[in-house]
Amino acid sequence: MGINETRIKYRRFDTVRSRKFRQFQVLNNYISHPNGRFWVIWSRTDMKVHVLSVGSQLIHLCVEEATCHKFFVTFVYGLNSITQMTWLVLGDFNCVRTDSERISTVPPNLSAMTDFNTAISNAKWMRLDRVLINSDWLSDFPNFSAAVALGAGVSNHSPLIVSVSSAPALRPWHFRFINCWIEDANFLPIVTEVWKNNVQVCPMFILVTHLKQVKQQLKLPHQSGFSNVSQKVSELRSNLANCQDRLYSAHMDSLFLEEEKDICQEFCKMKRIELNIAYQRAKIHDIKMMDASTSYFYSKIVAKRSMNLISLIKDVHGRLCSSPDTIDEAFVEY
């Protein structure tokens, strides 16, 4: 737990610590700031905390858990030198805040009104407390969801709780149709063959049965020709580079020219498949062809899955539910 702005002088640190946190490990930054802006507190004996940096605006730690997880934690308090003073702003803003402030037959510019009101609102209050993570954090803790902000109470800050230990049970992924399957030569024959199966029930049951059979059949070409696409793209890129080296060394020999053409066509085909899969998985359409296999897109996919994951919810009785079963019950009850 990190506490900002303790407002406890260094001479009272030992007294308060022995009274309130006798069973805890406590780290502070009095050495960097006379007011001690930070206290970092932990109690678990199976968790190792290594201090990497202590400053007036942050405490940077490396945490090792018994579960072999190792990650960085940085507690931040940004110094603020802005002085709040009486402020008068006047001039021609060419915009009104509400429709009642104008007399005209021309419809109001709602977008400009929204921007103007937002700017005024932002000048009155700010969101000071937030949690930031990187893609590596999502890779190590894929079940991580948004931090929980508690009530501010008498403070001007809200306590933030981040949970990484409650991992929902793994569940099978839903079947998703990959658009690039239609480029496979066996796609239409598979669908046609399945649709020939004679099912003598109601039309809706016939449709559902055929779709289930097609789904099972479509998994087979995906496992063979459309799996490990990024790895195949890397191999083809390497093969293409080697072939072109041999081609230049052989002074543009016709045999190497034909080989380079074949490899280049296969590389472009697999690259297009990889790009289409990246489109569907990350749902990002403003990307360049050569970027589909970069870590950026895989991090976007992981981030999207984390955003869609519901790992914590408050039920109708105000209780926080974190396990998959209790989350299901909360939705059903609601």
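The values are calculated or read from the model by the stated rules, or taken from the named source; none is laboratory data. On a predicted model such as this, the values are computed, not experimentally measured, just so you know. Every residue, glycine among them, receives a Cβ derived from its backbone with ideal geometry; neighbour counts consider all protein chains shown. SASA here: full protein model, heavy atoms, side chains in, ligands and nucleic acids out. Shrake-Rupley method; radii C 1.70, N 1.55, O 1.52, S 1.80 Å.
If the chain linking K314 and S56 were pulled fully straight, counting 0.36 nm for each residue of separation and taking away their Cα-Cα distance, it would gain 89.2 nm.
Remark: accessible surface ordering of D315, D140, D115 (largest first) is D115, D140, D315, probe radius 1.4 Å.
Label-to-label distance, N122 versus Q200, with points set 7 angstrom from Cα along the beta-carbon direction: 7.0 nm. Among the listed pairs K212/K271; K232/K269; K232/K261; K212/K232, those whose Cα-Cα separation exceeds 19 Å are K212/K271; K212/K232. Each residue was assigned an accessible area with a 1.4 Å probe, and for C264 the value is about 50 Å². Cβ-Cβ distance of L255 and N134, R₀ of 41 Å, FRET efficiency by 1/(1 + (r/R0)^6): the value works out to about 0.25. Distance between the 7 Å Cα→Cβ label points at F177 and M1: 5.3 nm.
Between F13 and H69, what length in nm is gained on full extension when 0.36 nm per residue of separation is reduced by their alpha carbon distance?
Working: separation 56, 0.36 × 56 = 20.16 nm, distance 3.14 nm.
Separation in residues times 0.36 nm, less the Cα-Cα distance, equals 17.0 nm.
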